[in-house]
Amino acid sequence: MSEKGNPQLYPDGDYKQPDQAPPGYTQGPPAPGYGPPPPGYPQPGGYGYPAAPPPGYGYGAAPPIQVVSRDAAAHVLVPQTTGPPPTDYSTQAWIACLCCFWPTGLLAIMKANESRNARARGDMVGAQMASDSARTFVRISWAAGILSIIASVVFIGVYVGIVLPSIMNNHYD
């Protein structure tokens, strides 16, 4: 079905002109009916875009921005921390999750990861806030774990010391 000058569908699914070079590969005179480009524009040159637009093209310089606010609370300055980067409490969070109280330990792990990611982004204030939250959740996990151990020891002590002997005495009477 390929006649001279008609497009032909090739196996790769692309249409090609059989006996013509693809457009844009050769530098030659402009096509019939077209003259050279107007002054101020670069000559066409294959692929890509010109390095810079011609002078006077575009919007010009951006006007200066003036911020006007009547609300004093809208201007909040957050100081950047200086000194060593904040601790992310990852190890303590994992220990708290595995050994103490897993629900708040899991939250501590999430906050520790958030602190590490904020520190990697360079957001030291966000890293410090997430670090403080991770430390709080670690401490809550430790407290809950210690309280649950104390409650378990008291429960077992009461059971072995009071309930079990009364059951055994009633059984043998």
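Taken together, the values in this text are just the output of simple stated rules run on the coordinates, not laboratory data. Just so you know, these numbers come straight off a predicted model, no measurement behind them. A quick note on method: Cβ atoms are made from the backbone with ideal geometry, for glycine too, and the neighbour counts reach across all protein chains shown.
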Going through the stretch 95-128 one residue at a time, which ones are of a type outside the set (Asp, Glu) and not in a helix (DSSP H, G or I)? PHE101, GLY122
All but one of (1) over 22 Å from PRO84 (Cα atoms); (2) touching a residue at least 40 places away in the same chain (Cβ under 8 Å); (3) exposed (fewer than 15 other Cβ atoms within 10 Å of the Cβ) hold for VAL154; state the number of the condition that does not hold. (2)
Residue check: is SER90 buried (at least 18 other Cβ atoms within 10 Å of the Cβ), of a type in the set (Ser, Thr, Tyr) and touching a residue at least 24 places away in the same chain (Cβ under 8 Å)? no
I'm trying to understand the selection: among the residues of the stretch 110-137, which are crowded, with 20+ Cβ neighbours inside 10 Å and more than 18 Å from PRO84 (Cα to Cα)? LYS111, PHE137
